[in-house]
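The values are calculated or read from the model by the stated rules, or taken from the named source; none is laboratory data. Because the structure is predicted, anything quoted here is derived from the model rather than measured. Here the Cβ positions follow ideal geometry from the backbone for every residue, glycine too, while neighbour counts run over all protein chains shown. The accessibility values were calculated without ligands, DNA or RNA, using every heavy atom of the protein model including side chains. Shrake-Rupley method; radii C 1.70, N 1.55, O 1.52, S 1.80 Å.
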Amino acid sequence: MNNLKKDALDLHKTLKGKIEIRNKVSDVSQESLSLLYSPGVAEPCLEIEETPHKVYDYTWKGNTVAVVSNGTAVLGLGDIGAAAGLPVMEGKAFLFKEFAGVNAIPLVLDTKDTDELIRTVEILSPTFGGINLEDIKAPECFIIEDALKEKLDIPVFHDDQHGTAIVVMAGLINAYKLLGKDLKEAKVVVSGTGAAGCSIIRMLYDYGIRSIKATNSKGIIDPKQKEKYNEAVQRIIPYLSDINDEKTLSDGMCGADVFIGVSAANIVSKEDVSSMNRNAIVFGLANPNPEIPYDDAIEAGARIVGTGRSDYPNQVNNVLAFPGIFKGALSVEASEITESMKLAAAYGIASMVKDNEISETNILPLAINRDVADVVAEAVAEEAIRAGVARKHE
């Protein structure tokens, strides 16, 4: 760990950031300068003034997203503030470019005022073809995303919610191929009702799963008592199954087929896993330490185990989702990212593991697989066209 800390700090200090802006034109001459800037630059300005959508033709807008955060929910670190969150946002921008060729600009905003953040992104939006929200705490993240989706005519995507849900969905699709069972019949329990948990539950329901229970630090969510929960939990109540006398996470896991944890480390015991149905699937995604260690889950009888870590099989990593999703949405100049586009992305990711290669330790492609983004992009673009949110038909 000490070496990791030193090596990471040394690398970041040497690089002084992971990204930079480069010009597309080299060896600028007097003639090219007159075209790229004054007086030639006036021509695309006038074209865009007359036909605003031509901004996609004459500027970088069509291949550029903003990675926006206020640093209030940085993965594994919590509320560390805007400046301290900047290395993460730079990293996200690095991954956009590395895996999908998409330009991404990190924008850390020093505010916890929801309205101020929304307005700031709104007035910056003409520069970008999409907005990737990142590491903003719940429930503010829901409010911010909803408001921006309403106000803007470009894709707005909160990756902590939807990226995680998409990759989880892809993993479940392949896990149930291996089991030879109908995923829609699965009994699922989700631990954690923050950003990721709520989006996972919504996607499971959209897929067709109807037995979904959720738990948080206060116990099992009871849909019959909606009024006792915060706004985030109230959003998912319509997707949850009724409960009987279950009160704890252990109660919820008994007889379940699938456990998905996006909550806290070491809250699931071997006994909890043993109480699940045969061929149980356990996704313990808390980082850096999962709800139950990988080896413990296997020893307790789980058939398939996934984590958020790269040192164990079946890593649920958002980099499998967000680069391709934005690449696909931008390629057709989509006005939004629909629920069906997210599901199309999940199917795209799942397809990257051939049916004859799916195994207990191989239900998801590796995070470094550079072909994933293109496959996801194609699936998302096709669904955007089908859903009627594409302004450009390739």
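Check whether at least one residue in region 380-388 is open to solvent by 30 Å² or more (accessible area, probe 1.4 Å), under 22 Å from ILE154 (Cβ atoms) and of a type in the set (Val, Ile, Thr), and report yes or no. Yes, because at least one residue in region 380-388 is open to solvent by 30 Å² or more (accessible area, probe 1.4 Å), under 22 Å from ILE154 (Cβ atoms) and of a type in the set (Val, Ile, Thr).
Restricting ALA300, ALA334 to residues that are farther than 18 Å from GLU98 by Cβ, among the small types (Gly, Ala, Ser), open to solvent by less than 10 Å² (accessible area, probe 1.4 Å) and over 17 Å from the mean Cα position of the chain (by Cα) narrows the list to ALA334. Does LYS92 count as buried (at least 18 other Cβ atoms within 10 Å of the Cβ) and of a type outside the set (A, V, I, L, M, F, W, C)? So LYS92 fits the description; yes.
Restricted to region 259-297, and to residues that are of a type in the set (D, E, K, R) and part of a loop (DSSP other than H, G, I, E, B), which residue is least open to solvent (accessible area, probe 1.4 Å)? My answer is GLU291. The set of residues in region 60-79 that are open to solvent by 60 Å² or more (accessible area, probe 1.4 Å) and without any contact (Cβ under 8 Å) to a residue 24 or more places away in the chain contains only LEU77.
Cβ separations smaller than 7 Å between residues 6+ apart or across chains give the following pairs from region 1-28 residues that are basic (Lys, Arg) to residues that are modelled with pLDDT of 90 or more: LYS18/GLU90; LYS18/GLY91; LYS18/PHE94. The set of residues from region 309-331 being surrounded by 24 or more Cβ atoms within 10 Å (Cβ to Cβ), within 13 Å of the chain's Cα centre (by Cα) and farther than 14 Å from VAL375 by Cα comprises just one member, VAL316. Answer yes or no as to whether VAL167 is part of a helix (DSSP H, G or I), under 30 Å from GLU43 (Cβ atoms), in contact with a helix residue (DSSP H, G or I) (Cβ under 8 Å, 6 or more places away or on another chain) and among the aliphatic types (A, V, I, L, M). Here the answer is no, as VAL167 does not meet what is asked.
The rows are residues; the columns are (1) farther than 24 Å from SER199 by Cα; (2) touching a Gly at 6+ places or on another chain (Cβ under 7 Å); (3) surrounded by 22 or more Cβ atoms within 10 Å (Cβ to Cβ).
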site: GLU98; (1), (2), (3): yes, no, no
site: ALA104; (1), (2), (3): no, no, yes
site: LYS112; (1), (2), (3): no, no, no
site: GLU116; (1), (2), (3): yes, no, no
site: GLU122; (1), (2), (3): no, no, no
site: PRO126; (1), (2), (3): yes, no, no
site: ASN132; (1), (2), (3): no, no, yes
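Of all residues in region 8-50, which are β-branched (Val, Ile, Thr) and in a helix (DSSP H, G or I)? Within region 8-50, THR14, ILE48 qualify. Starting from region 215-228, take each residue that is more than 18 Å from GLY284 (Cα to Cα) and list its partners that are open to solvent by 50 Å² or more (accessible area, probe 1.4 Å), counting only C-beta distances under 9 angstrom and pairs at least six apart or across chains. So the pair list comes out as ASP222/LYS228; ASP222/ASP242; PRO223/PRO238; PRO223/ASP242; LYS224/ASP242; LYS226/GLN234; GLU227/GLN234. Of all residues in region 369-393, which are assigned to a helix (DSSP H, G or I) and under 12 Å from ALA321 (Cα atoms)? Within region 369-393, VAL372, ALA373, ASP374, VAL375, VAL376, ALA377, ALA379, VAL380 qualify. Of the residues ALA138, ALA147, ALA165, the single one that is surrounded by 24 or more Cβ atoms within 10 Å (Cβ to Cβ), in contact (Cβ under 8 Å) with a residue 12 or more places away in the chain and in contact with a Ser or Thr (Cβ under 9 Å, 6 or more places away or on another chain) is ALA165.
Select from region 118-133 the residues that are assigned to a helix (DSSP H, G or I) and either within 20 Å of the chain's Cα centre (by Cα) or of a type in the set (S, T, N, Q) (or both) and list them in ascending order.
ILE118, THR120, VAL121, SER125, THR127
Within the bounds of region 42-53, is there any residue that is closer than 23 Å to PRO288 by Cα, free of Cβ contacts under 8 Å to residues at least 40 places away in the same chain and either surrounded by 13 or more Cβ atoms within 10 Å (Cβ to Cβ) or among the polar types (S, T, N, Q) (or both)? There is no residue in region 42-53 that is closer than 23 Å to PRO288 by Cα, free of Cβ contacts under 8 Å to residues at least 40 places away in the same chain and either surrounded by 13 or more Cβ atoms within 10 Å (Cβ to Cβ) or among the polar types (S, T, N, Q) (or both). Show the residue pairs that are 6+ apart or on different chains and have beta-carbon atoms under 7 Å apart, the first residue being within region 343-358 and modelled with pLDDT of 95 or more, the second being β-branched (Val, Ile, Thr) and open to solvent by 40 Å² or more (accessible area, probe 1.4 Å). Sorted first by the residue in region 343-358, then by its partner, the pairs are GLY348/VAL375; SER351/VAL375; MET352/VAL375. Does ASN356 count as in a loop (DSSP other than H, G, I, E, B) and more than 30 Å from LYS151 (Cα to Cα)? When the stated conditions are applied, ASN356 does not pass them.
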